[in-house]
Amino acid sequence: MSKPQYHPLQFHPITGEPFLRLPSPHDNIIITPPRMSDAETIVSYMNDPALYYWLEGPPFPYLREHADDWLKKVKGGTDAAIAELERANAEHPDGPPVIVSSCPLRCLREVREDGSDVFLGDVTLLRERWPDLEDKELKESLAKPNAERPIGDPGIVWCIGDYIAPSHHGKGIMTAAIKTLMQEWAIPRMGVRQIRVETFTDNIGSRRVFEKLGFVYEKTNPLQSRFLNSGRRIDGMDILWWKAE
């Protein structure tokens, strides 16, 4: 059965999942929906100091129950995105792809020669929530109307969250993954026109990833008494923007 509303996604020959493949030289990397079987690998990554040193949200130490809860939550989101595509395909079986509210893909996987794959990390698009702002009223005054904007509204401010296994840091994979997600899905399928990202001031590698993709540094917001769950103190966040021309 033809599924034009899934364009430009491909379908995994083993699992049947939709996916996007990164371009060469990273064409052994795909982006898929999450799987509950990813939990054990996620636990190992999240307890690696080369990764948790840079992350604010995940609990520390990171337990199997944390991974299971997170996977249930994000899988609910990607399942809803797939259901939206199924409805669109039923309503517009012969029409051009319609604008949708979200992306059904977020998990990076490295495909082995035998066709099996291993979870490598996560990259996702979210409506911006201004995590750098410590004034709760100001944050709410920006986040609430942003969350209420209709699907495809060019005024929506988006954000990107990402991480990759420490074993694959510095190889250009995340740069390629974000670029693929933006060009193949976010811009043409979600109508994304502006993205605001935040990186910790000492996370030079993360900032460089976004600068390579055309994001422009705006400012640094200092933070007062912000600590990660690992106990590390964060002094500020660099703010970068991408806007469609």
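The values are calculated or read from the model by the stated rules, or taken from the named source; none is laboratory data. The model shown is predicted, which means the values in this text are computed figures rather than measured ones. Cβ sites come from the backbone with ideal geometry, for glycine too, and all protein chains shown count toward neighbours. These accessible areas exclude ligands, DNA and RNA; they are computed on the full protein's heavy atoms, side chains included. Shrake-Rupley method; radii C 1.70, N 1.55, O 1.52, S 1.80 Å.
Could you list, in sequence order, the residues of the range 191-231 that are of a type outside the set (V, I, T) and within 14 Å of the chain's Cα centre (by Cα)?
R196, E198, S206, F210
When the range 56-74 is examined, which residues are found to be closer than 28 Å to R193 by Cβ and either modelled with pLDDT of 95 or more or not small (G, A, S) (or both)? If you could, list the steps in order and put the result at the bottom.
Filtering the range 56-74 down to residues closer than 28 Å to R193 by Cβ leaves 56-57, 73-74.
Answer for the range 56-74, where residues must be closer than 28 Å to R193 by Cβ and either modelled with pLDDT of 95 or more or not small (G, A, S) (or both): E56, K73, V74.
Just need a number here: residues in the range 192-208 that are free of Cβ contacts under 8 Å to residues at least 60 places away in the same chain and open to solvent by 30 Å² or more (accessible area, probe 1.4 Å).
8
How many of the residues making up the range 214-232 are under 20 Å from P154 (Cα atoms) and open to solvent by less than 30 Å² (accessible area, probe 1.4 Å)?
1
Could you check P131 against (1) under 14 Å from the mean Cα position of the chain (by Cα); (2) closer than 29 Å to G214 by Cα and say which number it fails?
Of the numbered conditions (1) under 14 Å from the mean Cα position of the chain (by Cα); (2) closer than 29 Å to G214 by Cα, the odd one out for P131 is (1).
So L133 clears everything in (1) open to solvent by 40 Å² or more (accessible area, probe 1.4 Å); (2) out of contact with any strand residue (DSSP E or B) (no Cβ under 7 Å at 6 or more places or on another chain); (3) aliphatic (A, V, I, L, M) except one condition, right? Which one?
For L133, the exception is condition (1).
Where the second residue is exposed (fewer than 11 other Cβ atoms within 10 Å of the Cβ) and the first is more than 20 Å from E245 (Cβ to Cβ) and lies in the range 136-159, which pairs have Cβ atoms under 8 Å and are six or more apart or on separate chains?
Filtered contacts from the range 136-159: R149/G155.
Give all pairs with beta carbons closer than 7 Å in which a residue from the range 1-20 that is of a type in the set (A, V, I, L, M) meets a residue that is exposed (fewer than 12 other Cβ atoms within 10 Å of the Cβ) and assigned to a loop (DSSP other than H, G, I, E, B); count only pairs at least 6 apart in sequence or on separate chains.
Filtered contacts from the range 1-20: I14/G115.
Which of the following residues is open to solvent by less than 30 Å² (accessible area, probe 1.4 Å) and either among the polar types (S, T, N, Q) or over 16 Å from the mean Cα position of the chain (by Cα) (or both): A143, A186, A147, A165?
Values: A186 fails: either among the polar types (S, T, N, Q) or over 16 Å from the mean Cα position of the chain (by Cα) (or both); A147 fails: open to solvent by less than 30 Å² (accessible area, probe 1.4 Å); A165 fails: either among the polar types (S, T, N, Q) or over 16 Å from the mean Cα position of the chain (by Cα) (or both).
Matching residue, one of A143, A186, A147, A165: A143.
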